[in-house]
Amino acid sequence: MPFITFEGLDGAGKSTQIARLAQRLTAQGLHVVCTREPGGTDIGDRLRELLLDPAQTRLAPRTEALLYAASRAQLVAEVIRPALAEGAVVLCDRYVDASLAYQGAGLGLGVEAVAAVNRFATDGLTPDLTFLFDVPVAVSRDRISRDMDKRGPDRIERRSDEYFQRVRTAFLRIAETEPDRVVRLEASRPPEVLEQEIWAHVQNWLSKHDRGAMRE
Ligand SMILES: Nc1ncnc2c1ncn2[C@@H]1O[C@H](COP(=O)(O)OP(=O)(O)O)[C@@H](O)[C@H]1O
Ligand SMILES: [Mg+2]
């Protein structure tokens, strides 16, 4: 069954659509495993705390890239590969593309260098399908600020608009380079419209791979 990842800036609508897609797949009788990055495992959650903690002001860019990769390595080994082996559809909120964009492009470490680290971390596990939720940086800021009342911005959210612009541009470049894997979604549109579009792509993938769930 497919390994599907969801990428895009914070507030782009990934969590909303993962929940909706999971519901649809489950209703078709498929086993669905939802997970997220960084985190998704005990070890990954500890790394997530470090990565998002505004008090960690001395984390070097390379350290940041490696900690994300470490969290990902654990998630692949502990959750994603076992779930795929059991025949589950795996829905993952962020994956390697996020590191290429946020650390490779955003922090200027270089997309290819970060890709190499991640090939090692994931042992080469690549998503079958990736949905890139594309929104302007201002839309991302606006949507997350509405949810941020209870807490301040995390370590990554404190970065500049220029940083997030580099991240967005890098995501778009990945979508252009790998059109067979990455579906770019115009994510400023209403949730219902996005849900339909995502569902059409997933159904298409399932039928192309002869894994349609509903066989009456
Ligand atoms: N298509 C959409 N249009 C408008 N608001 C949305 C849309 N999708 C999600 N939202 C809202 O934006 C905020 C962030 O959505 P969320 O799904 O948590 O994004 P992400 O997981 O990408 O950070 C939430 O308040 C959510 O209700
Ligand atoms: Mg989310």
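Every number here is computed from the coordinates shown, using simple stated rules; none is lab data. Values in this document were obtained by computation on a predicted structure and should not be read as measured data. Every residue, glycine among them, receives a Cβ derived from its backbone with ideal geometry; neighbour counts consider all protein chains shown.
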Check: What's the local net charge at Asp180, with K and R +1, D and E -1, over the other residues with C-beta under 13 Å away?
Finding: 0
Margin query: Helix 14-27 against the longest principal axis of the chain: what's the angle in degrees, Cα atoms only, rounded to the nearest 10?
Written below: 20
Next item on the list: Report, in degrees rounded to the nearest 10, the 0 to 90 angle that the Cα long axis of helix 61-75 makes with the longest principal axis of the chain.
Entry: 30
Margin query: Placing unit charges on C-beta atoms (Lys and Arg positive, Asp and Glu negative, everything else neutral), compute the dipole magnitude of the chain about its Cα centre in debye, rounded to 20.
Written below: 260
Margin query: Along the charge dipole of the chain, pointing to its positive end and built from +1/-1 on Cβ of Lys, Arg, Asp and Glu, which listed residue (Ala101, Leu185, Leu51) has its Cα farthest out?
Written below: Leu51
Item checked: In degrees, nearest ten, helix 111-122 long axis to first principal axis of the chain (Cα) -> 60
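Hey, got a sec? Which trypsin sites (Lys or Arg not before Pro) in segment 6-60 land in a DSSP loop and have at most 15 other Cβ atoms within 10 Å? Spell out each step's value before the answer.
Numbers: sites: Lys14, Arg20, Arg24, Arg36, Arg46, Arg48, Arg58; in loops: Arg58.
Those that pass, being in a loop and sparsely packed, are Arg58.
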Next item on the list: Be a star and scan segment 1-40 for residues whose amide nitrogen sits under 17 Å from the point 7 Å along the Cα-to-Cβ vector of Ala200.
Entry: 21
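Estimate the FRET efficiency between Glu49 and Arg211 by the formula 1/(1 + (r/R0)^6), using the beta-carbon distance for r and 30 Å for R0, to the nearest 0.05.
Values: r = 37 Å, r/R0 = 1.24.
Efficiency for this residue pair is about 0.20.
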Note to self: Using helices alone, I'd like the mean residue ellipticity at 222 nm for the chain: each DSSP H run of four-plus residues gives -39500 (n - 2.57), total over residue count, nearest 500.
What the structure shows: -15500 deg cm²/dmol
